[in-house]
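**Q** Before we start, here is the structure in question, set down as structure tokens.
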């Protein structure tokens, strides 16, 4: 089992401080942000990298060439929309970098913790079969996470006392079942 990517715990003070700062940013921007319905998100024009460049050029051209700006186009509103779309774009990019770093760290730490828990589970399962005091209660509690199939339960109830070789096969079968979960 490899557990070497996530080796340092993030101090609780750092998480608390980050949470406070993110909450402060949310509160700071709350009066200016908009919540859309799923339908509004679906039907709205979307601006990506290429669209942003197009909008920027059109905005510049509109200011440089007011004679070709349609009379129904509110340039003040266009300026506000462009300014916020452009300004928030870099903020969103930064937040996405943070989100990716957090998700990668969560995935790594979670994977390593899950591997460690499975190693413990397999060991306590073997200890329960060997009647190690206290192991059966732990195994019974943890095995509820892996209900397995009726086939596996039937095999265990009809099986005579197994040897170490048979137990190794059971551990392999359990490993295969765990990979399905």
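**Q** With respect to the numbered conditions (1) at pLDDT below 95; (2) surrounded by 10 or more Cβ atoms within 10 Å (Cβ to Cβ); (3) assigned to a helix (DSSP H, G or I), which one is the sole condition not fulfilled by residue 47?
**A** Of (1) at pLDDT below 95; (2) surrounded by 10 or more Cβ atoms within 10 Å (Cβ to Cβ); (3) assigned to a helix (DSSP H, G or I), only one is false for residue 47: (3).
**Q** Which condition breaks for residue 55 when tested against (1) touching a helix residue (DSSP H, G or I) at 6+ places or on another chain (Cβ under 8 Å); (2) closer than 30 Å to residue 123 by Cβ?
**A** The single condition residue 55 does not satisfy is (2).
**Q** Can I ask one more? Got a sec? Which of 132, 80, 55 is surrounded by 11 or more Cβ atoms within 10 Å (Cβ to Cβ), touching a residue at least 12 places away in the same chain (Cβ under 8 Å) and more than 29 Å from residue 9 (Cβ to Cβ)?
**A** 55
**Q** Please work out if residue 162 is part of a loop (DSSP other than H, G, I, E, B), at pLDDT below 95 and surrounded by 11 or more Cβ atoms within 10 Å (Cβ to Cβ).
**A** For residue 162, the condition - part of a loop (DSSP other than H, G, I, E, B), at pLDDT below 95 and surrounded by 11 or more Cβ atoms within 10 Å (Cβ to Cβ) - is met.
**Q** If you check residue 13 against the conditions, is it surrounded by 10 or more Cβ atoms within 10 Å (Cβ to Cβ), part of a helix (DSSP H, G or I) and out of contact with any helix residue (DSSP H, G or I) (no Cβ under 8 Å at 6 or more places or on another chain)? Walk me through how you get there before you give the answer.
**A** On the way: surrounded by 10 or more Cβ atoms within 10 Å (Cβ to Cβ): no; part of a helix (DSSP H, G or I): yes; out of contact with any helix residue (DSSP H, G or I) (no Cβ under 8 Å at 6 or more places or on another chain): yes.
Against the criterion (surrounded by 10 or more Cβ atoms within 10 Å (Cβ to Cβ), part of a helix (DSSP H, G or I) and out of contact with any helix residue (DSSP H, G or I) (no Cβ under 8 Å at 6 or more places or on another chain)), residue 13 does not qualify.
Quick grid of which residues meet (1) within 30 Å of residue 22 (Cβ to Cβ); (2) modelled with pLDDT under 80; (3) touching a helix residue (DSSP H, G or I) at 6+ places or on another chain (Cβ under 8 Å); (4) surrounded by 12 or more Cβ atoms within 10 Å (Cβ to Cβ):
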position	(1), (2), (3), (4)
105	yes, no, no, yes
110	yes, no, no, no
119	no, no, no, yes
125	no, no, yes, yes
147	no, yes, no, no
157	no, yes, no, no
172	no, yes, no, no
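The values are calculated or read from the model by the stated rules, or taken from the named source; none is laboratory data. Since the structure is predicted, the reported quantities are computational estimates derived from the model, not experimental observations. Ideal geometry is used to build each Cβ from the backbone, glycine not excepted, and the neighbour counts take in all protein chains shown.
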